[in-house]
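The numbers here are math on the coordinates, done by the rules we state, and not lab data. Just so it is clear, the structure is predicted and the values come from calculations on it, not from any experiment. Using ideal geometry, Cβ is built from the backbone for each residue, glycine included, and neighbour counts are taken over all protein chains shown.
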Amino acid sequence: MPLSISKTAIAIRLTTAGTAFVLGVCASMAASADQPEGSAWGLGVGAVSSQQPYEDIDRDSEVLPLIYFENQYLRVFGPTAEIKLPGLEISDTQQLDFSLVGEYDFSGYDDDDARILEGMSDRKGGFWAGAKVQWRNDLADVSAEWLGDVSGNSKGQRFTLGLERSWRIGEHIMLTPRLAAIWQDEKYIDYYFGVRENEARIDRAAYDGKSGINTEFGVRGNYMFDDHHSVFLDLKATSLANEIKDSPLVDQSSENSVLFGYLYRF
């Protein structure tokens, strides 16, 4: 696989959904080709279209760069960096991978992004850091990731439990469906979907956000022309927690994104 910015900047910023897609696509590209002994580089471009759940907010469509780098100790893709820690080989077909994770979250809005947000204080994105463990096996890849907002904007935390499986179809195509449960604490939900007392008005009651769990469904499709050139399509839909849907800022029960792009691996 979405920061206080102006309307002009919206056209070129990465959305939260676009960010998540960049991460997933680059990781999928890495998995779809043999990794070299040294370092692997990739550059590309993608077009993303995403819909946030805020009332009457416009669908956001933009073009964004894709950057990928990986070696034995480090993986960088999009706004995320992972420091690889020693793993554990359970058997010939199972292993545990551990890593420390840092990423920039582009969540947030300006008060002129939609009518319902007029008069609201701007909500900013922030830098998040934490840890991740991934269990690789013959059936599926299972991952667990905890991140906290170390920038101090939302002061929130989130925990993601994910499941995905890749299928190679012939020599060129790889499909990777995925499912994830994403727990967000009350500070995170209150910051982005809450309404403070001084922000309340007749059509926007004060609201204190509580922790909740989103459910994400997605599928990535990669077509590898050769070891260097590939195109991809990533579709994602997220069913929002009741604690988000109950917000007076929200008029949808889900959000969705589509990303199409090209990646060149050096």
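For the stretch 111-266, just list the percent of Cα-Cα distances falling in each 5 Å bin from zero outward, please.
Values per bin, smallest distances first: 2, 8, 13, 15, 17, 15, 11, 8, 6, 3, 1, 0.
Which of the residue pairs LYS132/LYS155; LYS84/LYS124; LYS155/LYS236; LYS187/LYS236; LYS132/LYS245; LYS84/LYS155 have a Cα-Cα distance greater than 22 Å in the structure shown?
Table pairs above 22 Å Cα-Cα are LYS84/LYS124; LYS155/LYS236; LYS187/LYS236; LYS132/LYS245; LYS84/LYS155.
Return the loop-located trypsin sites (Lys or Arg not before Pro) in the stretch 144-233 (DSSP other than H, G, I, E, B) with at most 12 other Cβ atoms within 10 Å of their own Cβ; answer none if there are none.
ARG196
Taking R0 as 45 Å, what's the FRET efficiency between PHE69 and ASP208 from their Cβ-Cβ distance, rounded to 0.05?
0.60
Mind giving me the nanometre distance, one decimal, between the label points for LEU161 and LEU139, set 7 Å out from Cα along Cα→Cβ?
Once both label points are built, they end up 1.4 nm from each other.
Grab every C-alpha pair in the chain, bin the distances at 10 angstrom width from 0 up to the longest one, and report whole percents.
With a bin width of 10 Å, the distribution comes to 7, 29, 36, 19, 7, 1, 0.
Magnitude of the Cβ-charge dipole of the chain, K/R +1 and D/E -1, about the Cα centre, nearest 20 debye?
The calculated dipole for the chain is roughly 160 debye.
List residues of the stretch 44-68, by number, whose backbone nitrogen lies under 13 Å from a label position 7 Å along Cα→C-beta of SER254.
Residues 51 fall inside that zone.
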